[in-house]
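Okay, structure first, notes after.
The values are calculated or read from the model by the stated rules, or taken from the named source; none is laboratory data. Please read these numbers as outputs of a predicted model, since none were measured by experiment. All Cβ positions, even for glycine, are placed from backbone atoms using ideal geometry, and neighbour counts span all protein chains on display. The accessibility values were calculated without ligands, DNA or RNA, using every heavy atom of the protein model including side chains. Shrake-Rupley method; radii C 1.70, N 1.55, O 1.52, S 1.80 Å.
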Amino acid sequence: MNTPAASIGTRLDIGLSKEDQARIDELRSSSKIDRVRGKLLSFSALNEKVVLLFTRVSLREKVMLFQLLSVMINAGVPIIRSLYVLSEQVPNLKLKKVILALAVEMEEGTRFSVAMEKFPDTFLEAERGMIASGEASGNLNQILKDIAKQAEKSAAIVSKVKGAMVYPVSVFAVMFLCLFLMLTMVVPKLTALFTEGGQELPLSTRILLGLSDFAQNYWLQGLAVLIVLLVALFFFKRSRQGKYSLDLALLHLPVFGNLVRQLMIARFARMLASLTNSGVPIVKALEINANAVGNEVYKKRIQYAAQDVSQGIPLGENLRDSAFLFPSMVSSMVLVGEQTANLNEVSSKIAEYYEGEVDNAVASLSKLMEPLILVIMGALVGFIVAAIMQPIMALSDISSAL
């Protein structure tokens, strides 16, 4: 199989630095591309399996891929040549393999969107659908920009949610470690002191001694049970019914459930705006959206909406039946967008509003977690102090009486 040898004379006069421009010019040469391709194809089968199994492509990396691909196509570089150039630029080994495979498939006559279908864990169905519409309309460059913009916003939202959880998770992990060390190293030394008086120990002290005994003698069994539960949860989540049940429970959680619903609505509206703006028919856009939204409850509801829309029922009217998943404001705005033939802009406004709500909710959650953590830590410390001090004070009273 030969690498395309078409010479590209147009320079990427798009604000790149001289160093970046020189590197791209160098990579345009067929001999350089051949070396890049040969080097990547020389991966052994074992290395390839390891790379594909343990490496993932982040949203940030996909944003970079779509942005650079759009820039190079806009500058006149053929898409296959652009893919070979980018395969040398990206540091992620899995993404290198994916980009190279896309280029090879396209050399054999496969369309870009069809080639992307071989990597469902890297490219969402919504992204593949938008690429297909861009190929059909000859507007691939703008579609790539839209995908990059959407992926960037999704990455920003996910990053904020994860960032809000880092602090409480870290604090609870350290607190659990300190508690374990205290139960296994400190409390055993006080056990003799608690029991030598022969008096009945307070309930809090008996609970503390029981926890200490479990931590010393049964921690391995407890760890094994925890691992088994986590493995069972993992396989349960992989089943269709299990994932649906867990996603439904997540939507009903206090505080977090509302945040998840806002995140799902923002993602649904953003993808709907991008797909319809790209020329994808509304029914197909809903089918793609259902598979890309990332929540089984919303997936099932959107699939049901797609069936109704295919029979002539407006989407806004259909969504009114699910006020828990789609508030009345969303269904009303969607209905107005359909009536005015302006659904893509209305969906974009909905996405912007709920993305702002997610930002506010994450900020509020961060502020709420700090006093909650202090209350939990205070209650735990108070329990431990009471459990230790009560028998000691009782021994002091006995000594004073004697």
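Which helices (runs of 4 or more DSSP H) does segment 293-373 wholly contain that include 2 or more residues that are touching a residue at least 40 places away in the same chain (Cβ under 8 Å) and out of contact with any Lys or Arg (no Cβ under 9 Å at 6 or more places or on another chain)? Let's see the steps before the verdict.
Working: elements: 296-310, 315-319, 328-339.
Correct list: 296-310.
Of all residues in segment 215-244, those being touching a residue at least 12 places away in the same chain (Cβ under 8 Å) and either closer than 27 Å to Gly382 by Cα or surrounded by 13 or more Cβ atoms within 10 Å (Cβ to Cβ) (or both) number 5.
Within segment 257-273, is even one residue open to solvent by 40 Å² or more (accessible area, probe 1.4 Å) and within 26 Å of Glu135 (Cα to Cα)?
If we filter segment 257-273 for residues that are open to solvent by 40 Å² or more (accessible area, probe 1.4 Å), which is where we start, we get 258, 261, 267.
Those still in the list that are within 26 Å of Glu135 (Cα to Cα) too: 267.
Scanning segment 257-273, I find at least one residue that is open to solvent by 40 Å² or more (accessible area, probe 1.4 Å) and within 26 Å of Glu135 (Cα to Cα), so the answer is yes.
Scanning segment 274-296 for residues that are β-branched (Val, Ile, Thr) and open to solvent by less than 10 Å² (accessible area, probe 1.4 Å), which turns out nearest to Ile143 (Cα to Cα)? I'd like the intermediate steps shown before the answer.
Kept after step one, since they are β-branched (Val, Ile, Thr), are these residues of segment 274-296: 276, 280, 282-283, 288, 293.
Subset that is open to solvent by less than 10 Å² (accessible area, probe 1.4 Å): 288, 293.
Details: Ile288: 16, Val293: 19 Å.
The extreme case among them is Ile288.
Search segment 95-110 for residues being closer than 22 Å to Met130 by Cβ and within 25 Å of the chain's Cα centre (by Cα), and hand back the single one that is surrounded by the fewest Cβ atoms within 10 Å (Cβ to Cβ). Among those that are closer than 22 Å to Met130 by Cβ and within 25 Å of the chain's Cα centre (by Cα), it is Ala101. Would you confirm, using the coordinates I've provided, whether Ser113 is more than 26 Å from Ala361 (Cβ to Cβ), open to solvent by 10 Å² or more (accessible area, probe 1.4 Å) and either touching a strand residue (DSSP E or B) at 6+ places or on another chain (Cβ under 9 Å) or hydroxyl-bearing (Ser, Thr, Tyr) (or both)? So Ser113 fails the test. Scan segment 334-350 and give yes if some residue there is aliphatic (A, V, I, L, M) and out of contact with any helix residue (DSSP H, G or I) (no Cβ under 9 Å at 6 or more places or on another chain), otherwise no. Yes, that holds for at least one residue. Does segment 146-164 contain at least one residue that is over 27 Å from Glu355 (Cβ atoms), without any contact (Cβ under 8 Å) to a residue 60 or more places away in the chain and of a type in the set (Ser, Thr, Tyr)? No, segment 146-164 has no match at all.
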